[in-house]
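A.B. asks: The structure that follows is given in the form of structure tokens.
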Amino acid sequence: MTPLAVLTEALSKGGRLLWDRPNKPRLMVPTALRERLESERDAVREVIRRATIFRQQALEFIQCGQAVPILALPEAPAGDGCLSCGVEIEPGHFRCEVCSLAVNLALEATSSKSKV
């Protein structure tokens with residue numbers, strides 16, 4: 001199972017990011033999946049790093065009453081590839097798997113924040 005599949009499974013079984021520290025969210029996952037996620041620590045940290053960046057970008061636009069733009073990493077090169085990070089992706093896709101999951105987490109967080 002890929003690292004992203006393990007993280008996706010943990011999220012589907014009740015895992016979530018806690019944004020009590022906006023620049024350093026905490027991942028809460030079911031106890032049964034902690035060990036599997038621990039072995040994929042680097043991949044999980046990268047998803048969370050990107051989600052944090054994307055969330056901040058989205059919140060800046062939402063707070064100004066603007067539509068959320070395409071969320072992208074500051075270091076992303078322009079051109080073909082993932083809209084958010086620039087890596088090569090499969091035809092018919094807009095984002096790589098890491099950025100897709102990170103964008104979903106970021107938008108979920110901004111959506112719940114805007115309802116508060």
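Values in this text are rule-based calculations from the coordinates and carry no lab data. Computed from a predicted structure; not experimentally measured. So basically every Cβ, Gly included, is an ideal-geometry build from the backbone, and we count neighbours across all protein chains shown.
A.B. asks: Expressed as a rounded percentage, what relative contact order does the chain have, with Cα pairs under 8 Å and six or more residues apart?
C.D. replies: 22 percent
A.B. asks: Find which of V47, P22, V6 sits farthest along the positive direction of the dipole of the range 1-47, computed with +1 on the beta-carbon of Lys and Arg, -1 on that of Asp and Glu, about the Cα centre.
C.D. replies: Of the options given, the answer is P22.
A.B. asks: Moving on to the next point. Between D80 and R45, what's the calculated FRET efficiency when r is the beta-carbon distance and R0 is 30 Å? Round to 0.05.
C.D. replies: 0.65
A.B. asks: Counting helices only, and only those DSSP H runs with n ≥ 4, report the 222 nm mean residue ellipticity of the chain as the sum of -39,500 (n - 2.57) divided by its residues, in deg cm²/dmol to the nearest 500.
C.D. replies: My calculation for the chain gives -17000 deg cm²/dmol from helical runs alone.
A.B. asks: Now for a different question. Dipole magnitude of the chain about its Cα centre, charges +1 at Lys/Arg Cβ and -1 at Asp/Glu Cβ only, in debye to the nearest 20?
C.D. replies: My answer is approximately 620 debye.
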